[in-house]
Amino acid sequence: MPTEYSSQNGDDSLSSKNGAISKKQRKARTAFTDLQLQTLEKSFERQKYLSVQDRMELAAKLSLTDTQVKTWYQNRSAYYMQLLRNGQKFKSC
């Protein structure tokens, strides 16, 4: 049965052809350790974009998934670009 995504009222529910609604499963937010954050920040200061190989190596080193490192880098890049647009200087958190 095909499934349609419903975004009415901002919910993340799924509706199928028979009208049944179930909640879309989301992974819990990752709570990075201080060491992981420090390593990610230092890596970002040196290298704004990671190759797939570098990302996989960093993820393995930090006991994170490739997707977690990719998402962290995407979020940090967005924050960095926002600071640049606002004329502020980048500082590590």
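Any read-out appearing in this document is the output of simple, stated calculations on the displayed coordinates, not a laboratory observation. Not measured: the values here are computed from a predicted model. Note that each Cβ is placed from the backbone with ideal geometry, even for glycine, and that neighbours are counted across all protein chains shown.
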If neighbour count is taken as other Cβ atoms inside 10 Å, put TYR49, TYR73 in order from fewest to most. TYR49, TYR73
Can you figure out the FRET efficiency of LYS70 with SER22, using R₀ = 35 Å and their beta-carbon distance, to the nearest 0.05? 0.80
Given 5 Å bins starting at zero, what is the percent of C-alpha pairs of the range 34-85 in each, up to the one with the largest pair distance? 4, 21, 34, 27, 9, 4, 1
